[in-house]
Amino acid sequence: MQICGIQKLTLLDYPGKVACTVFAGGCNFRCPFCHNAELVLGGKARPEIPEEEVLSFLEKRRGVLDGVCVSGGEPLLQPDLAAFIGEIKKMGYLVKLDTNGSMPERLCELAGQGLLDYVAMDLKNSPEGYGATVGIRDFDVGDVDRSIRFLLGGAVPYEFRTTVVREFHRKADFEAMGQWIAGAQRYYLQQFVDSGHLIGSGLHAYDRSILEQALEIVKKYVETAQIRGV
Ligand code: SF4
């Protein structure tokens, strides 16, 4: 596992759990609003932490933490992810996976092996707006759609989440995203925050009143939808 960071305690990343977050390096998307540019793009600012060090930290935190969030970057790109999560689960931790939904086969495989207790998948935009939002021209949403279908099937508890950015999301996009994931267990519209380490530039958040209008739209399709981070 290429591990590039660890947040030793989080009360926010794993719903209802006391957890830590492990950040895998590298991503196959280039979302301009990504606040983990150094994790995605690499370079000197992406130091690696030996896997043994992370596992030894987790061994010491047994009984203190409930779970581990495996985030990134895109963790499913890591060829030895299953083995790493297997070690974590042997210690008795719950595991939450954060994913961009671009690798449905790997997602199904890990879930099928009983390695995932919760999945948080990014829904970046409507199908029409996806390519621009993930920074890939002519992006094919087929794999994202397959991940969505898999999660909607309910094999593992999950949430969808959309980071809402003024330059990318319009009213029609919320309508289309709501329809795409209609009936989902949970859906969060997250306020964009400029961390100062973005991949792109010139991006802005909507104010709360616009987010609330967006929420009303998506609630027609996902009753439990909420705003997060405002
Ligand atoms: S925000 Fe986009 S580029 Fe950044 S880690 Fe997530 S999927 Fe990758």
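Since every read-out is calculated from the coordinates, none of them should be taken as a lab result. In this text the structure is predicted, and so the values were computed from the model without any measurement. As a convention, Cβ positions derive from the backbone with ideal geometry for all residues, glycine included, and neighbour counts pool all protein chains shown.
Here are the numbers for this structure:
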item: GNM flexibility winner over the chain from G16, G72, G153 (Cα, springs under 10 Å); result: G16
item: GNM flexibility winner over the chain from E38, E74, E59 (Cα, springs under 10 Å); result: E59
item: Taking the chain and dividing mean pair separation by its residue count, relative contact order in percent (alpha carbons under 8 Å, at least six apart); result: 19
item: Contour minus Cα-Cα distance for K171 and D66 (0.36 nm per residue); result: 34.0 nm
item: The chain: Cys lacking any partner C-beta under 4.7 angstrom; result: C4, C20, C27, C69, C108
item: Segment F57-E105, extension gain: residue separation times 0.36 nm, minus the distance between their alpha carbons; result: 14.3 nm
